[in-house]
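Here, each number is a calculation from the coordinates, and none is a lab measurement. Only a predicted model underlies this, so the values are computations on that prediction, with no experimental measurement involved. Note that each Cβ is placed from the backbone with ideal geometry, even for glycine, and that neighbours are counted across all protein chains shown.
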Amino acid sequence: MNVETPVFTTPDEQVAWLGTDPIPAKAYYDPEWFELERQAIFMRSWIEVGHACELPEPGTWIRRELEFADASILIVRGKDDRIRAFYNACTHRGTQLVEEESGKGANFLCPYHFWNFGDDGRLVAAPDFKRFAPLTKEECSIPKVAVDTCAGLIFVNLDPEPKHTLREYLGEYADRLETLPVAKATTFHEYVYEIDANWKITYDNFQENYHLRHVHGLTGVATVHQQNQYGYPDKYTFNGPHRTQQIWVNPEPLIKPMQGYNLGLVANDCAQQGIMGSPDSRTYFALFPSLFIIGTPMQHFSHKVYPISATKSRGVFRIYWVDDDDSATRRYAREYALCSLRDIHTEDVNIINRAQKGLLSGAIKKIHFMTMEGLCRHLYQQVVARVEDYLEEREAAGETA
Ligand code: FES
Ligand SMILES: [Fe+2]
């Protein structure tokens, strides 16, 4: 087949401003550094935790565990249709209110002494409450968590007074995210994994294409081609702490027969649902600190990495869909899409684990990012900037670091 040579330039110059310095390896395994990241970043950034389609009607709720904060959060769509979030903890003596992952009901009844909370976290009833006098029910609301949505995605912020609204935080990407198929999603398939690796090592693996041709020989990831052997993207963009890469179009993608059949089914669905036309359909968004979302309607997935400790993380892959899988064919196409993603990820997991193990002894003092690993460098620099801000704030407040 005669392939037209694509117009392709290496986007080196788009990342030149990030510099070329080596990176201290300690930031990828040291518990003390992780503690600074936890406080400076995860405890006060907007963290994506789900999608509004999980709260389809008033009274529905979901529970989310955020290990980095030892927190269990309830996210609830109230009778007034507003989405609120509060801790899954009773204000009597702290007992967790629910163990289920999701549910429906206007109230949360604590199983210990039956304090009963409304869908806004306010205490509405408590047995023999007069004996708590002078305590009032108004003083017993569950602590709230800041929550907001963009493109249907639900974000929470554990800072009691977030410095920015979610839209301020996402900046110009907020409007672009709203054009993605995820904004119309009504359902999804999910795959959750735990990995013995730092959250940045886990995340960086998905921010560089350098490894594609070496690690993904089995699945033949579609951006690698003789004209672009390292899968260089067409373009990078940066926006505050966030970044994107625009994926290169392979003129001769290696598509296996079953994959082709499946893509045809999904494409047909997407066309019928009018979600083929996003201007960001080749954009891979990396939203700080640790969310990916890809614009292609053909495999519209998000990937979130939650830190657990300096060397342990939990990841959540989701592929979002519009409408239920109401036929065996559609069900098959969707399951196949998730399985394909999982196949690719299986190839990544082993190498991510090895990357972590190699660093643990401390013998490797510095690591190196080439220009095409510029998104990894940008993440590291953003992390450092936030840790420095945090330390300055603590110093200004008279606290010792
Ligand atoms: S701990 Fe919840 S009612 Fe006592
Ligand atoms: Fe990979």
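Structure values in brief
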quantity	calculated
Hydrodynamic radius (Kirkwood) for the chain, which is based on Cα pairs only, to one decimal in Å	22.9
Dipole in debye (nearest 20) - the chain, about Cα centre, beta carbon charges: Lys, Arg +1; Asp, Glu -1	460
Estimated distance in nm for a label pair at Glu65 and Arg93, the labels positioned 7 Å out from Cα along Cα-to-Cβ	2.4
Across the chain: Cys residues that no other cysteine approaches within a C-beta distance under 4.7 Å	Cys53, Cys140, Cys150, Cys270, Cys339, Cys376
Charge-dipole axis of region 296-346 as Lys and Arg at +1 and Asp and Glu at -1 on Cβ define it, positive-most pick from His300, Ala328, Phe317	Phe317
Amide hydrogen neighbours beyond the local backbone of Cys150, cut-off 5 Å, H modeled	Phe155
Rounded to 10°, Cα long-axis angle of helix 257-272 versus longest principal axis of the chain	60
Cα shape, region 293-401, gyration tensor, a/c 1.5 rule	prolate
Highest average packing first - 62-68, 240-246, Cβ atoms within 10 Å	240-246, 62-68
Estimated dipole of region 48-189 in Debye, rounded to 20 [Cβ of Lys and Arg +1, of Asp and Glu -1, Cα centre]	480
Relative contact order (%) - region 212-355, alpha-carbon pairs under 8 angstrom, separation at least six	19
Greater than 30 Å apart at Cα, pairs in Lys26/Lys256; Lys312/Lys365; Lys79/Lys184; Lys26/Lys304; Lys79/Lys312	Lys26/Lys256; Lys79/Lys312
Residue among Ala197, Tyr169, Val215 farthest towards the positive dipole end of region 158-237, charges placed on Cβ	Val215
For region 260-306: rounded, prolate or oblate by the Cα gyration tensor [a/c cutoff 1.5]	prolate
Cβ charges +1 (Lys, Arg) and -1 (Asp, Glu), total dipole of region 1-107, debye	700
Contour minus Cα-Cα distance for Asp389 and Ala271 (0.36 nm per residue)	37.9 nm
Global geometry of region 172-325, whether rounded, prolate or oblate, following the gyration tensor of its Cα atoms and the 1.5 cut on a/c	rounded
Highest-first arrangement of 372-379, 358-365, 73-80, 386-393, where packing means the average Cβ count within 10 Å	372-379, 73-80, 386-393, 358-365
Anchor Lys163: lysines whose Cα lies under 20 Å away (excluding residues fewer than 8 positions away in-chain)	Lys144
Options Asn107, Phe288, Ala396, ranked by Cα towards positive dipole end of the chain, top entry (Cβ charges)	Asn107
Fully extended contour minus Cα-Cα distance, from Lys137 to Asp324, at 0.36 nm per residue	63.1 nm
Cα-projected label distance for Ala174 with Arg354, points at 7 Å along beta-carbon direction, nm	4.4
Potential extension, Ala16-Tyr210 segment - 0.36 nm per residue separation minus Cα distance	68.1 nm
Rounded to 10°, Cα long-axis angle of helix 328-359 versus longest principal axis of the chain	90
Sites Gln381 and Arg122 - FRET efficiency at Förster radius 45 Å, r taken between beta-carbons, to 0.05	0.55
Angle in degrees between helix 374-396 and the longest Cα principal axis of the chain, rounded to the nearest 10	30
